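Comments concern the structure below.
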Amino acid sequence: MTERKPPGVPFESWVDKQIGDAQRRGEFDQLPGTGEPLPAALEAPYDEMWWVKRKLAREGLALLPPTLALRKEAEDALAAAWAAPSERIVRKIITEINVKIRDMMFKPPPGPPLGKKPYDVEEVVREWRERRAAAGTAGTAGSAEAEPESQV
């Protein structure tokens, strides 16, 4: 549609002619989304960043400030520690996330404050043991899962 509107022709009839010609050529036949319902987002209020959000969703990305991302990572690490099969793995998971939390505490990035402090490894291990005992999967007192601290 690069041609110019001829003088003396009303704009509406010229546009209608362009659309009719394109329909006859089949240019509207294979458009993406043909036959699908309109997205519900059309009823939402206008958002200037709609295209950025759509691109992030399509690429499977999340854009969180570093402190919020670390908060989520810390929660996930704690959940992973509760589900860990051995005390050694619990200690490893908590030690690794504590390193990241300490780094963020001493070198804060821009954004909201972290609001987290390093986990107490011994407290997490103690609670892990209690949860395992309550679930009936703790095993015997001399089991290989209860490793001494020196083997961390």
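Sub-9 Å Cβ pairs linking a first residue in the stretch 35-52 that is in a helix (DSSP H, G or I) to a second residue that is surrounded by 10 or more Cβ atoms within 10 Å (Cβ to Cβ) and modelled with pLDDT of 75 or more, at least 6 apart or interchain, are ALA41/ASP47; ALA41/TRP50; ALA41/ARG54, ordered by first then second residue.
For the stretch 45-55, the criterion of a residue being closer than 30 Å to PRO109 by Cβ, at pLDDT 85 or above and β-branched (Val, Ile, Thr) is satisfied by at least one position. Among ALA80, ALA44, which is the only one that is of a type outside the set (Ser, Thr, Tyr) and either under 26 Å from ALA133 (Cα atoms) or under 20 Å from the mean Cα position of the chain (by Cα) (or both)? Only one candidate passes the filter, namely ALA80. If you check ARG88, ARG54, ARG102 for being of a type outside the set (A, V, I, L, M, F, W, C) and within 30 Å of ALA135 (Cα to Cα), only one passes: ARG88. Taken together, the residues in the stretch 55-69 that are in contact (Cβ under 8 Å) with a residue 12 or more places away in the chain and surrounded by fewer than 10 Cβ atoms within 10 Å (Cβ to Cβ) amount to 0.
With respect to THR34, is the statement that it is of a type in the set (S, T, N, Q) and more than 30 Å from LYS5 (Cβ to Cβ) true?
On the way: of a type in the set (S, T, N, Q): yes; more than 30 Å from LYS5 (Cβ to Cβ): no.
The answer is no for THR34.
Just the residues that are surrounded by 10 or more Cβ atoms within 10 Å (Cβ to Cβ) and more than 29 Å from PRO113 (Cβ to Cβ), please, taken from the stretch 30-54. Residues satisfying the conditions are PRO39, ALA41, TRP50, ARG54. In the stretch 100-124, the residues that are within 17 Å of GLU75 (Cβ to Cβ) reach residues that are surrounded by 12 or more Cβ atoms within 10 Å (Cβ to Cβ) and small (Gly, Ala, Ser) with C-beta atoms within less than 7 angstrom, at least six apart or across chains, in these pairs: ILE101/ALA74; LYS116/ALA74; VAL124/ALA81.
Scanning the stretch 95-123 for residues that are more than 20 Å from the chain's Cα centre (by Cα), surrounded by 15 or more Cβ atoms within 10 Å (Cβ to Cβ) and not in a helix (DSSP H, G or I) returns PRO118, TYR119. Determine whether the stretch 79-94 contains at least one residue that is surrounded by 12 or more Cβ atoms within 10 Å (Cβ to Cβ), under 30 Å from GLU123 (Cβ atoms) and touching a Leu at 6+ places or on another chain (Cβ under 6 Å). Within the stretch 79-94, not a single residue is surrounded by 12 or more Cβ atoms within 10 Å (Cβ to Cβ), under 30 Å from GLU123 (Cβ atoms) and touching a Leu at 6+ places or on another chain (Cβ under 6 Å).
Among the residues making up the stretch 1-29, those that are hydrophobic (A, V, I, L, M, F, W, C) and exposed (fewer than 10 other Cβ atoms within 10 Å of the Cβ) are MET1, PHE11.
The values are calculated or read from the model by the stated rules, or taken from the named source; none is laboratory data. Here the structure is a predicted model, which means the values were calculated and not measured. Neighbour counts are summed over all protein chains in view; Cβ atoms, including those assigned to glycine, are modelled from backbone coordinates with ideal geometry.
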